[in-house]
Every structure is written in structure tokens, then in C-alpha cells.
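Report on the following structure.
The values are calculated or read from the model by the stated rules, or taken from the named source; none is laboratory data. Worth saying up front: this structure is predicted, and the values here are computed from it rather than measured. Cβ atoms come from the backbone with ideal geometry, glycine included; neighbour counts cover every protein chain shown. Note: accessible area is taken over every heavy atom of the protein model, side chains too, but ligands, DNA and RNA are not part of it. Shrake-Rupley method; radii C 1.70, N 1.55, O 1.52, S 1.80 Å.
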Amino acid sequence: MPQQPMGPGDSISPRGAVNLINEFIAGYATGFTPFLRRDFGPEAFPRFTGVFAMILMLLMAASVPILRLYFVAWIIALLLARAKTSANTRRGLYQHSGYNGVPAVAMRLFRCKDEARAKKLEPLIVLLPGIALFRDYDQLGGFFIGGAVCMWMVESTINYAYQRKAQALRDARIEAEYLAELSRHL
């Protein structure tokens, strides 16, 4: 059934509000991931997430002029990431469409070969400069600290979703084994 547009007295559902908050958090984190990761999936930067990141940076750039340069560098990093993803696809190297990239900087910096562990450590790369900057440049430092928190939240949400999917697969396997055993006795 097609969804009707919201009218003047309508309100957003709780699920819609949570989704909107998640998009904002993912958008904030997207302000950092193109610098820290490589080999993204073709849909790693969904439309709304990128728009949230752009809006946030442009709003912050109004009061923190250095973010104008950061914004330009981010756009370039994003375009380069997209170009590399397209080149990889043309060469037959495919990732999951929503794959949010290999944490290349964290893996190198922390000498870590485990991708999941590197993604857990990755927010530190953003948090520590944020803390250092906060004393003299509170808004810029706050931008980085907020980015680190959002990166951690995004990764935690992804891990939770994968754990739930793995649990559902395990449950389905157990049910299938039970039904197979049951069908043998019919």
C-alpha cells in the first residue's frame, strides 16, 4: 500500500524518529570515514547520510572557518572513494553494497589485522585529536569528539544487527533440524 504524505496534524512514528536519529548519527560519522577507510561498497554512503554529513559540516563551517577546508577535503575524499569503488567493480572486485569500508588507517596505526577490532579502535583516531583541539578550539574539538562518538555508535549498531541476524540464522537451522527429524517419524 503506498504511503500517504504526512498532513498538518500527523506526527512521525517512534520507529521513524529512531530511523531519523540513526541517519543523523551515521551522517555525522560519514564526515570522517572517507579519510580513514578504503574499499567501500557502492551504497556505503546513502543519499540521506551524505546529505546529513554535508549539512552538519556546512552549518559548523559558518562558525568554524577551518571546517570549510575540511569540507572541501571531505568532498574530494568522498569522490575518490566513489571512483575507487567504481574501478573495483569494473575489475570484478565486489563488496557488499552497503559495506562501510576497510578501516585501513586503524589497521596500520594499531598494527591490527582483525577488521572488527580495528573498527572498534578507529574512533580513537578521531577522539584524541578532538580532545587535543578542544582546549583552544572548542567547536572544532567538539566536532571531532562528536564524530568519534557517532563512529562508535554506528559500529555498535552494525555489530548488534549482525548478531541478531546470526541468532536468527542459528534459530532457523535449529528449527529446520527439528522439522526434519519430525518429518522422518511421519
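In debye, nearest 20, what is the charge dipole magnitude of the stretch 65-186 about its Cα centre with +1 on Lys and Arg Cβ and -1 on Asp and Glu Cβ, if you could check?
Working: 17 positive and 10 negative charges, 102 e Å.
The calculated dipole for the stretch 65-186 is roughly 480 debye.
Please work out whether the stretch 58-113 counts as rounded, prolate or oblate from its C-alpha gyration tensor, where a ≥ b ≥ c are the square roots of the eigenvalues and a/c under 1.5 means rounded, while otherwise a/b larger than b/c means prolate and anything else oblate?
On the way: a/c = 3.01, a/b = 1.58, b/c = 1.91.
In terms of gyration-tensor shape, oblate.
Once you have a ≥ b ≥ c as the square roots of the Cα gyration tensor eigenvalues for the chain, tell me rounded if a/c is under 1.5, and otherwise prolate or oblate according to whether a/b is larger than b/c. Each step should come with its number before you reach the end.
On the way: a/c = 1.96, a/b = 1.49, b/c = 1.32.
Because a/c hits 1.5 or more and a/b exceeds b/c, the chain counts as prolate.
How large are Rg and Dmax for the stretch 77-178 when calculated on the C-alpha trace, in angstrom?
My reading of the Cα-based Rg and Dmax gives 18.0, 63 Å.
On a 0 to 90° scale, report how tilted helix 47-63 is relative to the longest principal axis of the chain, with both axes built from alpha carbons and the result rounded to the nearest 10.
Roughly 20 degrees between the two axes.
Looking at the stretch 12-99, what % of the alpha carbon pairs are farther apart than 18 Å? Walk me through the numbers before you get to the answer.
Values: 1853 of 3828 pairs.
In whole percent, the share of Cα-Cα pairs in the stretch 12-99 beyond 18 Å is 48.
So how far apart, in nm, are the two label points at Asp114 and Ser13 if each is 7 Å from Cα heading toward Cβ?
Output for this residue pair reads 3.8 nm.
Run the quick spin-label model on Arg164 and Val105: label points 7 Å from Cα toward the beta carbon, then report their separation in nm to one decimal.
3.0 nm
For the chain, report the accessible area per residue in Å² (1.4 Å probe, heavy atoms, rounded to an integer).
Numbers: 12780 Å² over 186 residues.
Here the per-residue accessible area is 69 Å².
For a protection proxy built on the mean count of beta-carbon atoms within 10 angstrom, sort 82-95, 54-67 highest first, please. Don't skip to the end; give the middle numbers.
Values: 82-95: 12.4, 54-67: 15.2.
The packing order, highest mean first, is 54-67, 82-95.
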